[in-house]
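Student: I have a structure here, written as structure tokens, and I will follow up with some questions on it.
The values are calculated or read from the model by the stated rules, or taken from the named source; none is laboratory data. The model shown is predicted, which means the values in this text are computed figures rather than measured ones. Heads up, the Cβs are rebuilt from the backbone with ideal geometry, glycines too, and the neighbour counts pull from every protein chain shown. Note: accessible area is taken over every heavy atom of the protein model, side chains too, but ligands, DNA and RNA are not part of it. Shrake-Rupley method; radii C 1.70, N 1.55, O 1.52, S 1.80 Å.
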Amino acid sequence: MDWHKTKTIFILTFLVLNLFLAYQLYLKMDKNNIKTLGEQPLEERLSNNNIKYKGKIPVYRERQTLISGQRYSFTPEERKDFDSKTMTLSESSTDMTLAFTIKKPISLKKDRDEAVSQMEDFLTDNLIRGKEYEFFKYDKEKKQIWFAQKYQEKPIFFDPLNYDKRNELTQNYEGSNGMIKFEYNDKGEVFRFTQTYLSIMRQGDYQDIISPKKALGRLLDMGYLDSGDKITSIRLGYYSLASIEELQVYAPTWSIETEKKHYMVNATDSKVLVLKGEE
């Protein structure tokens, strides 16, 4: 027996065995790390990614239903009632899209929250259905303030840039949505607004929805949230799921906004939609 050859074989065998065991240990540790990351509390995951949210995670009901909405046609009598000392119904109005001119432009307060509250008071005081809308977006670049119709205290979300266009033939907004859009000038004076309204019905049985934490986790897992992002808003509402002729179907949806982007996370199947203004 050649002792030198035997010793070399033993050394090589142990070396290969050690490499194999080291590789197995690495796989086990890597698996445990992945498992640990998945079990990390959301707050810890956000902190590790330097993602901040100063607000409180909203309270919600764990079971919700789909809803359907159909554009409401205002009657001639209703349209007559809208003319008042405060505003005038514009000739460009249609039965489903009302356009108003405010006779004495409203000087917006400089503070954003105070300005929103100011327009909420205007809706309550001047429109029959004014209480059925809530604040949605403040667009300083386009000088617009948007309000969304709500159902059972939850807003019906939409993409404002998509609904800033009218059908050339009917002059109605193409999307089946309930909204109010205020417009103001360079002096900060609101001088006109547009309104649409939905007739809403509940659809189907109640079903479980994901929590806002799971919606945030979904955005993290899919890489939508970047390091340094600041979350500005988390709200539960409804977003368009499908359209059947003039009927629009809406699903319970988590609206999550950062300073840069706006995400819609379907609360029933966790699908993510990024609002970019064009769909």
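Student: Tally the residues that are farther than 29 Å from Ala242 by Cβ and either in contact with a Ser or Thr (Cβ under 7 Å, 6 or more places away or on another chain) or among the small types (Gly, Ala, Ser) (or both), restricting the search to the stretch 53-68.
Tutor: Residues that pass the stated criteria total 1.
Student: If you go through the stretch 88-106, how many residues are closer than 18 Å to Gln144 by Cα and surrounded by 15 or more Cβ atoms within 10 Å (Cβ to Cβ)?
Tutor: 7
Student: Restrict the check to the stretch 216-233 and report whether at least one residue is part of a strand (DSSP E or B) and over 30 Å from Phe100 (Cβ atoms).
Tutor: Going residue by residue through the stretch 216-233, those that are part of a strand (DSSP E or B) are 230-233.
Applying the additional criterion that residues be over 30 Å from Phe100 (Cβ atoms) yields 230-231.
Scanning the stretch 216-233 turns up at least one residue that is part of a strand (DSSP E or B) and over 30 Å from Phe100 (Cβ atoms).
Student: Now, a different point. Sort through Val272, Val190 and tell me the only one that's touching a strand residue (DSSP E or B) at 6+ places or on another chain (Cβ under 9 Å) and at pLDDT below 95.
Tutor: Val272
Student: Something else: Could you tell me whether Tyr263 is among the aromatic types (Phe, Trp, Tyr), closer than 30 Å to Ser90 by Cβ, open to solvent by less than 50 Å² (accessible area, probe 1.4 Å) and at pLDDT 90 or above? Lay out the reasoning, then the answer.
Tutor: Numbers: among the aromatic types (Phe, Trp, Tyr): yes; closer than 30 Å to Ser90 by Cβ: no; open to solvent by less than 50 Å² (accessible area, probe 1.4 Å): yes; at pLDDT 90 or above: yes.
Here the answer is no, as Tyr263 does not meet what is asked.
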